[in-house]
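Heads up, the thing below is written out as structure tokens.
The values are calculated or read from the model by the stated rules, or taken from the named source; none is laboratory data. The structure displayed is predicted, hence computed values, not measured ones. In this analysis, Cβ positions are derived from the backbone assuming ideal geometry, glycine residues included, and neighbour counts consider all displayed protein chains.
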């Protein structure tokens, strides 16, 4: 359609000298033909451009959807544990049987300096213990504690500890068994919700009553850990606790092949402290630590000291007080 209009008129009419009317009609046909051709060409170009553009946009939406919907590693780990926790059978203690747990602990002990005959205000050391617990639903608890030799931060405190007979006071090298009756669950009077959001609200309301100066998230973390350790929650509550943990400012330290996970929180108490907990694949607390991140000059404790280190067995039903699986 690039020919000269006059040449077109000549081919159409056969007359080398067209009349004015013929020229007008020919030009009208030419304009109509050009108009019919150009939109088709523009439309083809537009469609060719829109196809890759729409494909790219669709891909961008899909990719963006993947990133938006993809859970964080912490969330993914706890979703998996929460799912497994809900499938667990509720723990019921048959009449005449006991729920047994065992823990191996290293805990920081602080005593006044004058008790050891020292001029300093306080002295600190680490005490390793192994504890076994048997309990039933009637409020009976038997606790067996074996205390091992403490670990000291200075030879002066160590010498004073033994000189003043604190090893006898602490039953170092002995196993002490005690029985208690009328023991109640410290959190048993609270009806904890099993909906994660409502549970988070209840945990926050509970810790606000204590007047602690720690950040609220850290208090919730500590209380949720206490519930796992002390209350042996049922499947639904345990699953909800997992989802609460996932919403706290925690760091995923490790995820083992057996499904257990280790989390960490760091905060300034002061001094700065890093706490970790390890949960098995069904949400049972199986370990926890507390590490001092800076020197405590008053107590003589160096940085990176674990002031608390504990491992726990998963609670198991036993038939008598002599059984420890």
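Conditions: (1) assigned to a helix (DSSP H, G or I); (2) within 29 Å of residue 243 (Cα to Cα); (3) outside the structural domain of residue 278 (by TED's automatic domain parsing). Residue 105 meets all but one. Number of the miss?
Result: residue 105 passes all but (1).
Of the residues 249, 235, only one is surrounded by fewer than 16 Cβ atoms within 10 Å (Cβ to Cβ) and in contact with a helix residue (DSSP H, G or I) (Cβ under 6 Å, 6 or more places away or on another chain); which?
Values: 235 fails: surrounded by fewer than 16 Cβ atoms within 10 Å (Cβ to Cβ).
249 is the lone residue from the list that is surrounded by fewer than 16 Cβ atoms within 10 Å (Cβ to Cβ) and in contact with a helix residue (DSSP H, G or I) (Cβ under 6 Å, 6 or more places away or on another chain).
List the residue pairs whose Cβ atoms are under 6 Å apart, where the first residue sits in region 72-100 and is more than 12 Å from residue 247 (Cα to Cα), the second is loosely packed, with under 14 Cβ neighbours inside 10 Å, and the two are 6 or more positions apart or on different chains.
What qualifies is 93/137; 97/319.
Quick check: is even one residue across region 256-266 within 16 Å of residue 81 (Cβ to Cβ), in contact with a helix residue (DSSP H, G or I) (Cβ under 6 Å, 6 or more places away or on another chain) and outside the structural domain of residue 107 (by TED's automatic domain parsing)? First the steps, then the outcome.
Taking region 256-266 as the starting set, the residues that turn out to be within 16 Å of residue 81 (Cβ to Cβ) are 256-263.
This time we only want the ones that are in contact with a helix residue (DSSP H, G or I) (Cβ under 6 Å, 6 or more places away or on another chain), so: 261.
Filter again for outside the structural domain of residue 107 (by TED's automatic domain parsing), leaving 261.
Yes: one or more hits.
Considering each residue of region 162-204, count those that are surrounded by 12 or more Cβ atoms within 10 Å (Cβ to Cβ) and in contact (Cβ under 8 Å) with a residue 40 or more places away in the chain, and give that number.
14
Is it the case that residue 92 is over 18 Å from residue 155 (Cβ atoms) and at pLDDT below 95? Talk me through it step by step, then tell me what you get.
Working: over 18 Å from residue 155 (Cβ atoms): yes; at pLDDT below 95: yes.
Here the answer is yes, as residue 92 does meet what is asked.
Tell me, which strands (runs of 3 or more DSSP E) wholly within region 210-325 include 2 or more residues that are more than 26 Å from residue 135 (Cα to Cα) and touching a residue at least 12 places away in the same chain (Cβ under 8 Å)?
Here the list reads 251-255, 261-268, 272-279, 285-292, 306-312.
Answer yes or no: is there a residue in region 99-114 that is over 25 Å from the mean Cα position of the chain (by Cα) and within 26 Å of residue 324 (Cα to Cα).
Checked against the condition, which is being over 25 Å from the mean Cα position of the chain (by Cα) and within 26 Å of residue 324 (Cα to Cα), region 99-114 yields at least one hit.
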